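For reference, the structure is listed below as structure tokens.
The values are calculated or read from the model by the stated rules, or taken from the named source; none is laboratory data. Predicted model, so just to flag it, every value in this text is computed and none were measured. Counting neighbours? That spans all protein chains shown, and the Cβs are built from the backbone with ideal geometry, glycine included. Just so you know, the surface numbers come from the protein's heavy atoms only, side chains and all, with ligands and any DNA or RNA stripped out. Shrake-Rupley method; radii C 1.70, N 1.55, O 1.52, S 1.80 Å.
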Amino acid sequence: MLCSTAISHITFPLVPELPEVETYRRFLHELVAGQTVTAFEVHDAHVLADDEDTLRQALVRRTITDTSRLGKNCFLLLDDGRALVLHFGMTGDVGAYRDPADRPRFTRVSLHLGSGLRVAFVDPRKFGRIRLAQSIEAYQQAKKLGPDALDVTPEQLQSKLQRRKVAVKPLLLDQSITAGLGNWIVDEVLFQARLHPERAAHTLTTNEYQALHQAIQLVLTTAIGHEATYRQFPADF
């Protein structure tokens, strides 16, 4: 897939939201699933939420069994049940390279894999964070995250919002209600659902909640399908 000196690098123009992070996850999965971490190289510790030595001891010689995502968080699942959590902040990105000379600019951390590839966590503004979690469930509880926006049901959505006398837009941005919806996504969701962003949530009808849920699914699956390349979105977006 990659030449020995090639850089594979994903760059998006906006803050990474659920579609971008899902694209990152799929890219990473192809590279890391089944691979053993041979080294944990830190180029800038600003992005580490845990102690560098703690992370190194937890990762080196561990096999990455799978990848997952919850909202805007990407997880590399380890063979001891724990997970490395990647949160991309405002400018986070991922890349892959083999030779040190090809390391992407602004790489803050590199994971060396048994395949010889190195996975780069790239972040120009250093607002992203890398941390260890005991499990996805433990991380979700600690961060008080709601269900993933792709998994939330119409009933869950209505239950969480129907008694709130608050504008629907900020509620949809609340990650404790549903995880993964950011500013542009919510704007597009409300446009597709034909709902005014300042409409109080408790005034929505059951049919409008159904339309809201359908719009969330439409916008997210469309964005993921186009790998968050906005110029390829449908004309009615």
Which ones in the range 19-74 are assigned to a helix (DSSP H, G or I), surrounded by 14 or more Cβ atoms within 10 Å (Cβ to Cβ) and hydroxyl-bearing (S, T, Y)?
T23, Y24
Of the residues in the range 182-224, those that are open to solvent by less than 20 Å² (accessible area, probe 1.4 Å) and not β-branched (V, I, T) number 11
Which of the numbered conditions does L173 fail, given that it passes all the others? Conditions: (1) modelled with pLDDT of 95 or more; (2) open to solvent by less than 40 Å² (accessible area, probe 1.4 Å).
(2)
